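The values are calculated or read from the model by the stated rules, or taken from the named source; none is laboratory data. Being a predicted model, the structure only gives us computed values, none of them experimental. Cβ placement follows ideal geometry from the backbone for every residue including glycine, while neighbour counts extend to all protein chains displayed.
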Amino acid sequence: MYNEQAVLKDIRERLSDFRYYHSLEVAKSAGKLAEKYGCDPEKAYIAGLSHDVLKELSEEEYFKIFSESGISLTAVEKSAPKLWHAMAGAEYLKKYGFSEDIISAVRYHTTGKEGMSLLEKILFVADFISLDRSYNGVDDMRKRAEISLEYCMEEGLRFTIEELAAKDLPIHPDTVACYNEILMIKRG
């Protein structure tokens with residue numbers, strides 16, 4: 001099992017004050033959501049705390065991690081540097097002996113995916129609604145999270161898809177699959 005103090009120290013050393021504060025707020029939100037929805041609050045907190053551990057690396061550093069880990073980026077992933085921190089971060093966290101569910105939550109906190117676990121959904125939502133967030137619509141997202149994780153995710157995924165499409169950027173297939181799954185469940 002991981003040493004929480006070592007993880008905290010490592011995360012603090014790797015992140016700017018801004019990004020560290022964000023990580024603390026996501027961890028708090030994840031812990032609260034876990035309590036509300038019946039997930040392990042400690043796992044949710046540590047996933048939130050560590051979700052952006054490698055957010056501030058250079059392109060060269062990301063590609064070194066991908067190479068050493070045997071990660072082959074798809075064409076969409078190569079064109080989307082905003083996704084790299086989640087992929088690299090999940091690999092990096094393996095060194096601490098995190099459980100596979102925490103690692104997977106970190107891996108998919110940016111794209112989502114079809115068949116997400118409760119912990120994965122909690123981290124995905126916590127990253128959208130943490131108290132440090134101030135984007136237009138965040139209050140609605142927080143209200144949605146109180147109703148259901150999927151209700152919040154639906155809007156978050158819609159926001160992501162629309163934003164990427166408006167910028168003529170590719171949309172990761174996992175994001176589309178996650179969005180479609182949520183819509184199909186909603187329609188029954």
Name the pairs whose Cβ atoms lie under 8 Å apart, with the first residue in region 62-76 and closer than 12 Å to Met87 by Cβ, the second loosely packed, with under 10 Cβ neighbours inside 10 Å, and 6 or more positions between them or separate chains? Phe66/Ser72
For residues that are of a type in the set (Asp, Glu) and either assigned to a loop (DSSP other than H, G, I, E, B) or under 16 Å from the mean Cα position of the chain (by Cα) (or both), tally how many sit in region 24-75. 4
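Mind counting the residues in region 10-31 that are basic (Lys, Arg) and either in contact with a helix residue (DSSP H, G or I) (Cβ under 8 Å, 6 or more places away or on another chain) or in contact (Cβ under 8 Å) with a residue 60 or more places away in the chain (or both)?
So the first thing to find is which residues in region 10-31 are basic (Lys, Arg), and the list is 12, 14, 19, 28.
Those left that are additionally either in contact with a helix residue (DSSP H, G or I) (Cβ under 8 Å, 6 or more places away or on another chain) or in contact (Cβ under 8 Å) with a residue 60 or more places away in the chain (or both): 12, 28.
Counting residues in region 10-31 that are basic (Lys, Arg) and either in contact with a helix residue (DSSP H, G or I) (Cβ under 8 Å, 6 or more places away or on another chain) or in contact (Cβ under 8 Å) with a residue 60 or more places away in the chain (or both) gives 2.
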Are any residues in region 116-131 within 29 Å of Ile71 (Cβ to Cβ) and surrounded by fewer than 19 Cβ atoms within 10 Å (Cβ to Cβ), and if so, which ones? Ser117, Leu118
So is Val76 closer than 27 Å to Tyr151 by Cα, surrounded by fewer than 17 Cβ atoms within 10 Å (Cβ to Cβ) and at pLDDT 95 or above or not? yes
Which of the following residues is out of contact with any helix residue (DSSP H, G or I) (no Cβ under 9 Å at 6 or more places or on another chain) and of a type outside the set (Ser, Thr, Tyr): Ile171, Ile147, Ile103, Ile122? Ile147
Members of region 88-115 found to be crowded, with 23+ Cβ neighbours inside 10 Å and either aliphatic (A, V, I, L, M) or more than 27 Å from Gly38 (Cα to Cα) (or both), listed by number: Ala88, Ala90, Leu93, Ile102, Ala105, Val106
Failed condition for Ile185, given (1) at pLDDT 95 or above; (2) assigned to a helix (DSSP H, G or I); (3) more than 21 Å from Ile102 (Cβ to Cβ): (1)
I'd like to check something: does region 79-96 contain any residue that is more than 24 Å from Tyr21 (Cα to Cα) and among the aromatic types (Phe, Trp, Tyr)? no
